[in-house]
Structures are given as C-alpha cells and as structure tokens.
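Below is one structure; the comments refer to it alone.
The values are calculated or read from the model by the stated rules, or taken from the named source; none is laboratory data. None of the values given here were measured: they were computed from a predicted structure. Backbone-built Cβ (ideal geometry, glycine too); neighbour counts: all protein chains shown. Ligands, DNA and RNA are excluded from the accessible area calculation, which covers all protein heavy atoms including side chains. Shrake-Rupley method; radii C 1.70, N 1.55, O 1.52, S 1.80 Å.
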Amino acid sequence: MIGFSESSGSVWRIEVTKAKHNHTPIENFEGHAYARRLSSEDKKLVKELAEQDIRNQSIWRTLTKNNPARKLIPKDIHNAVQKINAEKNVGKSPMQKLENILIEKNYTYYMRTNEISNEVEDVFFVHEKSFTMWCAFPHVLMIDATYKTNMYNLPFVQVVGMTSTNKSFTAACAVISAEKSENYLWVL
C-alpha cells in the first residue's frame, strides 16, 4: 500500500499497489507487543510491587506465574515501571526528582548552591547503611570520579571503603558541577 496526503494535507489517499500478501496470516500473537500488553489489574500489581522496591525480574516472574499462558518478557515490566516512575515525576525538575529519591530512600544529603544564582551546584549523599559501614571501617577510603558519562554531563564522585575482609562498599557519592579543587574539597 502507498499512502499520501492531498495538496491540502487534511485528506489522505491510500492506493493498493500489490493486493497479494507476502506471508501467511499470523496464527497466534505470541511475541507481539499487542498480545503482551498489561491489563489494568496487572498494571496495578506492577505499581504496588515497584513501590516496594521489588526488582523488575521478580515482578515479571510473579506475573508469569499468575498467568503462565501470558507471554510477557522482562522488557514489558521494565517499560511499565519506567512509565509509572515518569508519571510520578511529571512537572518536577531533575533536582527535585533527585531530592525526592534521596528522601524516599533514607539518604542523608547536602547541597551546595551558587550564592549569586541560588542554583544547586554540588550534591553529596550517603545512605544510613553506608554510613554505618563507613564508621565501622574508616581506615581505607578510595575516591574515584567518572567524568561526564551521565545524562547531565556532570562529574560523579564515588567514595568507596574497604572492610577488614577486603570487601568494598560505597561510603558516599556526590555529583559536582565542575572538576575544580574547590568542588572536590567540598566533597571531602
């Protein structure tokens, strides 16, 4: 088929160039997104489980166990969770989203703002469990920064500690606005 709009652009015309189909009709819809779409009950369950921090893989297993004939794939659950998260954050700036996550997940955080523009420049955050580990094993800390690999093109600083059994743990993290000494000193 070929479709094109008339000169006004408000009317479309379709012409069938070859009426013969190039494959046999589909006998079942297994594997097609249409057949894998979530029902309203499924969406409600996905939302409830996602809000409890259940991993997408576990949510997928739960849904497929509830209905084995359903041919969901893990990506379907990932997409549903992404949509739920996006709906929660409508109208919020990236900084507001970050602050909400830090509060929800029980992080202690500090923000440094520009005195002139009052914009947030640096954010330092640590989880209570990480802080407990840090207090128990304060002797070895390593600081590493990944430069501009995130969607905001900002350096991400990670402070990693080491236990007495040579296991590493994240002690704290920071997102900084510039790769300058003053920013790193603020993190320290």
Round to the nearest 0.05 the FRET efficiency obtained for THR132 and GLN52 when R0 = 25 Å and r is the Cβ-Cβ distance.
-> 0.65
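First compute the accessible area of the chain with a 1.4 Å probe, then give the percent of it belonging to carbon and sulfur atoms.
On the way: 7550 of 14030 Å².
Roughly 54 percent, rounded to a whole number.
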Which angle between 0 and 90 degrees, to the nearest 10, do you get for helix 40-51 versus the longest principal axis of the chain when only C-alpha atoms count?
-> 10
Report, by chain and number, residues whose modeled amide H sits under 5 Å from the one on GLU121, excluding near sequence neighbours (fewer than 5 apart, same chain).
-> ARG112, THR113, ASN114
Exposure of GLU182 as accessible area (Å², to 10), given a probe of 1.4 Å and all protein chains = 110
26 Å Cα-Cα threshold exceeded, pairs from LYS43/LYS148; LYS88/LYS167; LYS47/LYS97; LYS44/LYS75; LYS47/LYS71; LYS47/LYS148 = LYS43/LYS148; LYS88/LYS167; LYS47/LYS148
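Students sometimes get this wrong: rank LYS44, LYS148 by accessible area, probe 1.4 Å, all chains present, largest first. Please list the in-between numbers first.
Details: LYS44 130, LYS148 105 Å².
Result of the area sort, largest leading: LYS44, LYS148.
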Note, region 55-65: 3J(HN,Hα) by Karplus (6.51, -1.76, 1.60, θ = phi - 60°), whole Hz, Gly/Pro = x, goes 5, 4, 4, 5, 4, 4, 4, 4, 5, 6, 5
Longest principal axis of the chain (C-alpha) makes with the long axis of helix 74-88 (C-alpha) an angle, in degrees to the nearest 10, of 70
Suppose R0 equals 41 Å; then what is the FRET efficiency for ILE103 and THR165 from their Cβ-Cβ distance, rounded to the nearest 0.05?
-> 0.80
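Quote the FRET efficiency, to the nearest 0.05, computed for GLN158 versus SER93 with a Förster distance R0 of 35 Å and r equal to the Cβ-Cβ distance.
0.90
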Packing-wise, with mean Cβ within 10 Å as the measure, how do 61-69, 111-119 rank, highest first?
-> 61-69, 111-119
Of [x] 8, 33, 36, 18, 4, 0; [y] 6, 11, 8, 8, 7, 7, 7, 7, 6, 5, 5, 5, 6, 6, 4, 2, 0; [z] 7, 21, 21, 21, 15, 9, 5, 1, which is the value of P(r) over Cα pairs in 10 Å bins from 0, in percent derived from the coordinates here?
-> [z]
Between the Cα axis of helix 94-104 and the main Cα principal axis of the chain, the angle (0 to 90°, nearest 10) is 70
In terms of the ratio Rg/(2.2 N^0.38 Å) built on C-alpha atoms, what value belongs to region 114-184?
-> 1.25
